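Have a look at the structure below, then the notes.
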Amino acid sequence: MYRTHNCGELRASHINTEVTLAGWVQKSRDKGFMIWVDLRDRYGITQLIFDEERTPKELMDRAKTLGREFVILVKGSVIERASKNENIRTGNIEVLVSELTILNEAKLPPFTIEDETDGGEDLRMKYRYLDIRRNPVKESLIFRHKVSMEVRKYLSDKGFIDVETPYLIKSTPEGARDFLVPSRMNAGQFYALPQSPQTF
C-alpha cells in the first residue's frame, strides 16, 4: 500500500495513528540531531520528523541524503507538532518516521517548486513537467478540469452526445511524416492530421 492518507489530510484527531504517506520532498532541514522534511503531494504538505533520540542511526543517515523532489514512501506515527504552523492545514501535527523508502532520486530542480518560484517563464516552460507541480499551475488545471466536467455533465443530462473527431488541416512543412487523408470533394488533394500545436 503506497499510502493510508494523503499529505493534506492529517489533523490533530489522527495523533497516535500509524500512517503511510508518499510524495515529493519539498524541502529538508537538518539540525544534526533532528531532521525535518516537508513531504508534498497534490493534496498538501505534511511535515516529517527524524529524531536521533527516537530514530535509528541508519534511518537518520538515509534521511540526510534526501534532496528536493525525491519521491519517497514513509511509515510512522502521527504526533503533536511542537511548533505549530497555522499556514497549512496539517500544521498541528507531524509524522515521526519509522520506515523510509526512496522510490526515486531526483536531480536538483532548475527552479524551486513553490508558489513564488525563482524560475523565469522560459525556464519553467522548458521544464513544464516540473512547473505543473506548483500550486498556482496545479490549481488552474484542477479548475479547468472541474469546469469541463460540469459542462459535459450538463450537456449529457440534456441528451447531447460528446463526439471527438480528428482535426483535418492543410499540411504544414514541418519535416515530419504526415498522415494524409484523401479529399472526397477534390480529387488528387489531401488533408493531413495536425502535427503542429502552434497551428492552433
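The values are calculated or read from the model by the stated rules, or taken from the named source; none is laboratory data. Here the structure is a predicted model, which means the values were calculated and not measured. Note: ideal-geometry Cβ built from the backbone for every residue, glycine included; neighbour counts use all protein chains shown.
Quick notes on this one:
- Checked against (1) touching a residue at least 60 places away in the same chain (Cβ under 8 Å); (2) crowded, with 19+ Cβ neighbours inside 10 Å; (3) not charged (D, E, K, R); (4) not in a strand (DSSP E or B), N16 meets all criteria but (2).
- One residue from V95, V71, V78 being under 12 Å from V37 (Cβ atoms) and in contact with a strand residue (DSSP E or B) (Cβ under 9 Å, 6 or more places away or on another chain): V95
- Residues (aromatic (F, W, Y) and surrounded by fewer than 16 Cβ atoms within 10 Å (Cβ to Cβ)) located in region 40-54: Y43
- First in region 135-148 and under 24 Å from T112 (Cα atoms), second anywhere and assigned to a helix (DSSP H, G or I) and acidic (D, E), Cβ under 9 Å, 6 or more apart: V137/D131
- Entry remark, region 105-125: residues being at pLDDT 95 or above and of a type in the set (D, E) number 1 in total.
- The set of residues in region 103-119 that are surrounded by fewer than 16 Cβ atoms within 10 Å (Cβ to Cβ), touching a Leu at 6+ places or on another chain (Cβ under 9 Å) and under 18 Å from C7 (Cα atoms) contains only L103.
- The sole residue among L73, L130, L155 that is in a helix (DSSP H, G or I) and in contact (Cβ under 8 Å) with a residue 60 or more places away in the chain is L130.
- Flag if E9 is charged (D, E, K, R) and more than 18 Å from E86 (Cα to Cα): no
- All positions within region 28-39 that are surrounded by fewer than 17 Cβ atoms within 10 Å (Cβ to Cβ) and either hydrophobic (A, V, I, L, M, F, W, C) or under 20 Å from the mean Cα position of the chain (by Cα) (or both): F33, M34
- Residue in region 59-68 that is farther than 24 Å from L10 by Cα and either assigned to a loop (DSSP other than H, G, I, E, B) or touching a Gly at 6+ places or on another chain (Cβ under 7 Å) (or both) present: yes
- I102, sole failed condition from (1) within 25 Å of E139 (Cβ to Cβ); (2) at pLDDT 95 or above; (3) of a type outside the set (G, A, S); (4) under 17 Å from the mean Cα position of the chain (by Cα): (1)
- Some residue of region 149-164 being surrounded by 12 or more Cβ atoms within 10 Å (Cβ to Cβ), among the charged types (D, E, K, R) and either touching a Ser or Thr at 6+ places or on another chain (Cβ under 7 Å) or at pLDDT 85 or above (or both): yes
- Residue within region 78-86 that is assigned to a strand (DSSP E or B), surrounded by 13 or more Cβ atoms within 10 Å (Cβ to Cβ), in contact (Cβ under 8 Å) with a residue 24 or more places away in the chain and touching a Gly at 6+ places or on another chain (Cβ under 9 Å) present: no
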